[in-house]
Amino acid sequence: MMRLGIWVAVAAAGLLAGVPLPAVSQPAGYRLVNPGYLTVGTYGSGPPVIVVGPGDTLGGIDGALFNAFVKDHGLKLKLFQTTFSSMILAIEQGKIDVGEDVFYTAERAKHIYYTYPFFVGHAVLFTAKSLPYSGPDSMTGKKIGTVIGFVWAPYLQKWSASGTALYPDMTAVGQALLNGQIQGYINGYTAIHEPPLNDSPNIVAHTLHAGDFGMPESLLVNTAYNIVNCGNRGLAAALDREITKLHTTGEWAKVLQANGVGPDADAPLASPAQICTGG
């Protein structure tokens, strides 16, 4: 008891004297923006992929991966909530550890480093049920919207600069469709379940095919990845090991099932072509 009392007194004296306590150490193999926390960039909820909850909590398929990771690594989650394009920029600037739910393009791969994929979705065109859609030609003279930075945006702009409307987030573009400000909205099919569409009986999804609006097949079957800074590849490797473990134990199949999707939504555990050279 005497030794404990002496230690407490010394520690208190050290604090009063301005002597810093030992810092939380960084994990081996990767670095964290905030030691002791995995700081995840999000751009809103998008079930079943990601659900942003109160108090720095995440649900959905990708949320299950992050929750397993922080548990196994003795960390806590910290959310950085922003827009899609700002999330990618925050990765480049080293403000966050990992960004969620990003599709692959060679241009993006020059600036960010990709983890293994965790989900496969399919791109569709949402329209009002009353609109007689029969292909891209039937949208001539109409406006189609998507989110700034999404992979479909430059193709839409090339298809029709005047007929393309870009919005900062999925809520804004979905609301524009519901309000009649635009007549079409391109996103992954799961957006039908998200606010503000919320499974509206007045909205229908049209499957997009290779060549529609000038888009290649690779952009229509969407493989979703998480991203890290080019100089923090060890974090990507650690996340890859986590999802590999979840597959090996059978937990990942349970995650997909719990989020209402089948095995066809699973993605092969393989990295895309990594281009970025920063470090």
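None of the figures in this text is laboratory data; all of them are computed from the coordinates on show. Since we're looking at a predicted model, the values are computed, not measured. Cβ: placed from backbone, ideal geometry, glycine included. Neighbour counts: every protein chain shown.
Using a 7 Å offset from the Cα along the Cα-to-Cβ direction at both A28 and A153, what is the distance between the two label points in nm, to one decimal?
4.2 nm
Scanning the chain for trypsin sites (Lys or Arg not before Pro) in DSSP loops with at most 13 other Cβ atoms within 10 Å, what's the longest stretch left with none?
Answer from the scan: 130-279.
For labels at D169 and D72 in the simple 7 Å Cα→Cβ model, what's the distance in nm?
3.1 nm
How long is the gain from H209 to Q257 if the chain were fully straight, where each residue apart is worth 0.36 nm and the alpha carbon distance is subtracted?
Extra length from H209 to Q257 when fully extended: 14.6 nm.
Taking the Cα centre of the chain as origin and charging only Cβ (+1 Lys, Arg; -1 Asp, Glu), how large is the dipole, in debye to the nearest 20?
Roughly 620 debye, rounded to the nearest 20.
Nearest 10 degrees is fine. How inclined is helix 170-179 to the longest principal axis of the chain, computing both from alpha carbons?
Tilt relative to the chain: about 30 degrees.
Cα extents of segment 122-221 along the three principal axes, largest first, in whole Å?
For segment 122-221, the Cα spread along each principal axis is 28, 26, 24 Å.
Angle between the Cα long axis of helix 2-16 and the longest principal axis of the chain, 0 to 90 degrees, nearest 10?
60 degrees
In Å and on Cα atoms, what radius of gyration and Dmax does segment 200-279 show?
16.7, 49
Extending each Cα 7 Å along its Cβ direction at L269 and A106, get the distance between those two points in nm, one decimal.
The two pseudo-label positions are separated by 2.9 nm.
Quick one: grab the alpha carbon gyration tensor of segment 186-238, order the square roots of its eigenvalues as a ≥ b ≥ c, and give me rounded if a/c is under 1.5, else prolate or oblate depending on whether a/b is larger than b/c.
Note, shape of segment 186-238 comes out oblate.
What does the extension gain come out to for T140 and R241, with contour length at 0.36 nm per residue minus their alpha carbon separation?
Stretched fully, the T140-R241 segment lengthens by 31.7 nm.
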